[in-house]
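Shown next, in C-alpha cells, is the structure this report addresses.
The values are calculated or read from the model by the stated rules, or taken from the named source; none is laboratory data. What you see is a predicted model, and the numbers here were worked out from it, not measured in a lab. Surface areas here come from the heavy atoms of the whole protein model, side chains and all, with no ligands, DNA or RNA. Shrake-Rupley method; radii C 1.70, N 1.55, O 1.52, S 1.80 Å.
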Amino acid sequence: SCEILRCTFTANESKTGGALSCYTGTTGHATAIAVTASTFAGNNPLDGESAGSKGGAVYVWCEVNETSTASVRFVNDTFFQNQSETGGAMYLEASGVPEEFMVNPAALELTSLTVYGNAASVAAGGVLFDGFKEAVVRNNILSGNVVTAPNFMGRIDVDYANDATLKSDNGFNLVGTS
C-alpha cells in the first residue's frame, strides 16, 4: 500500500497526473492508496503535451480482476489551480473485468476535499470519475472550476464516464451549479 500524509505538491508537470500518478489493483502495484491532509496547487501537463492529458494534479488508474482488490482514499485534501485536458484537478479511472465477475471491485472514497479554481480544456474542470461504481463522496466542496472549450455545455465541476456513479453515503457535498 501507499500512504501520503501532509504533503504539498506545487507546480509539477506530467501528461497524466501533474503531481501524482497512481496505478493500483493488479499484481506488482499497490492495492491501497491513501492521500490525507495534502495540497495540490498549480500542477499542469508537460509543456506542449496537453492533448490527451488526464488529471492536472492526480491521475489514478485502478485495474481489478477476479482476485485483485483496489482501494483509493483521498481525505481532507485541497486541489487549487491545477490544469489538464480532462479532469482539471483529478482523473479517477477504474477498469478490468466486468463488475459482475469481480470478487472485490475497486473502492474509491473522497472525503472533506476542497476542489476549487481548477481548469480543463475539454471536460470536468474539477474531477472526472471514469468507471468507478458507487464511489463514496462526502463532505466535499467542488466549485469554481472551469472548462475552457468553446461552447462547452457539459458538467463543469464533476463529470462521469463509463457508467461511473457516486454515492453520498450520508455526507453533504457542495457542488457548483454552473
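Within region 122-140, the only residue that satisfies the criterion of being part of a strand (DSSP E or B) and within 20 Å of THR10 (Cα to Cα) is VAL127. A count restricted to region 78-88 and to residues that are open to solvent by less than 40 Å² (accessible area, probe 1.4 Å) and modelled with pLDDT under 95 stands at 4. Apart from one condition, VAL146 fits all of (1) within 15 Å of the chain's Cα centre (by Cα); (2) at pLDDT 85 or above; the exception is (1).
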